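The structure appears below as structure tokens.
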Amino acid sequence: MSEGKTIYFPMPDNDTRQILNKAWSFTLLLRRRKPVPDGLPGTDHAPAVPFAMNTKMPTRAEAVALLEEWVVSPGLRKHMYAVEAAVRHYARLMGEDEDIWGLAGLLHDLDWEKHPDKHPQIGVARLRELGYPEVVVHAIEAHAYPDGTDVVPESLLDRVLYGCDELTGLVYACCLVRRNGIDDLKPRFVARKMKEKAFARGVHRDAVQRGFDLIGLRRTKHIKNVIEGVRTVADALEVRGVDQARRRGERPDPGNEGRDGADNGYAELRHVDGKGRDNAAEYSDKSFWKSIKELVFKIGRGAGKSGKEVVYRALVLHYCLQDPDTPTWARCTIMGALGYFILPADTVPDILPGVGKVDDIVVLAAASAVVLVHIKPEHKQRAKDKMKEWFGDGDDSPAE
């Protein structure tokens, strides 16, 4: 970890830097399987730190045992595992040795808990005693630049570890404030939270920015890569939507709002009639949220009760569908109604300006009446909260 301090790395002229940045981005895009040549974006002196071939390579199990010996805090352990996952993801993208890179991410804060005032010197010394590869030790030493060390991040691993460290902490914090955790976390949300100084104060924004400069990728691309890396260990970090539901004291949702490609475990509930037509095949969480958000945008904040009634009833049914207590027959009914809601074609002409789906009111109301006994107060409350988020407070609230 590093304290926030403004510092500037030596940079070549702008034209050269732009060319190098493009070359770096193109290399990642192609997922090259060769080591990247010296001369990375942001500096004209980026030699690779040599790795002694006769050095015995410690295993990950040995590294984990060392981590557990030195680090007691569950939060710091999770941070180190998360950084390891992000660095390993970059190793896969770049065709580098995933095991070697992973060691740097896993042990980068080894001495932070015991010797915060001497971080990372104590940990680096111990790793050298244990025979860890110099490329790993150098990256760990450089990740504390400039506050904890004078070693400048130079090699590819140096830069990736530096760029992933603080940003991973910000990604983790973002997961904890989202209903679905990391399941549907997007780079733009992380970028927005980075600008909020009151959010995750322990994350040093200057260090995050230096990481962006060292990586040389577009900001959103780097954030996306880190999210994808952390997502590979999301279960261990307890940052999925089911973990968030557990923290709220709720039963985990079988699916998450807007998760791409999610089947949500409802495939076995779809009824196929005698003609082979799947009555609820149109339904999926992704399609539902896409349709309802389009309708909300069309209605706008000036909508009256008619428009909001469609949105409210659809939301209540959706949350009822997500409830594991809802029986199979009721879920089939709801999926049929919401599948109809998603269909672009209406059987009744549009007669209400700003609504566009007048027959959906009838279909959704009928489905609500059929499954009424299984609609809980919390389903209605979640729908009201979402309505308030979209439309704000008003006197034209939807009818119960």
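Ordering of 314-322, 178-186, 57-65 by packing is 314-322, 178-186, 57-65, highest average first (other Cβ atoms within 10 Å, averaged per residue). If you take the Cα centroid of region 185-241 and the Cα centroid of region 378-392, the two points sit 29 Å apart. Short to long, the 5 Å bins of the Cα pair-distance histogram for region 69-149 hold 3, 17, 25, 26, 19, 8, 2, 0 percent of all pairs. Legend: P(r) of region 86-235 from all alpha carbon pair distances, 5 Å bins from 0, whole percents, reading 2, 10, 19, 23, 20, 16, 8, 3, 0. When peptides 198-209, 125-136 are ranked by their average number of other Cβ atoms within 10 Å per residue, the highest-first order is 125-136, 198-209.
Among 79-87, 148-156, the peptide with the highest mean count of other Cβ atoms within 10 Å heads the list, and the full ranking is 79-87, 148-156.
Every number in this text was worked out from the coordinates using simple rules, so none of it is lab data. Worth saying up front: this structure is predicted, and the values here are computed from it rather than measured. Positions of Cβ are generated from backbone atoms using ideal geometry, with glycine treated the same way; all protein chains shown enter the neighbour counts.
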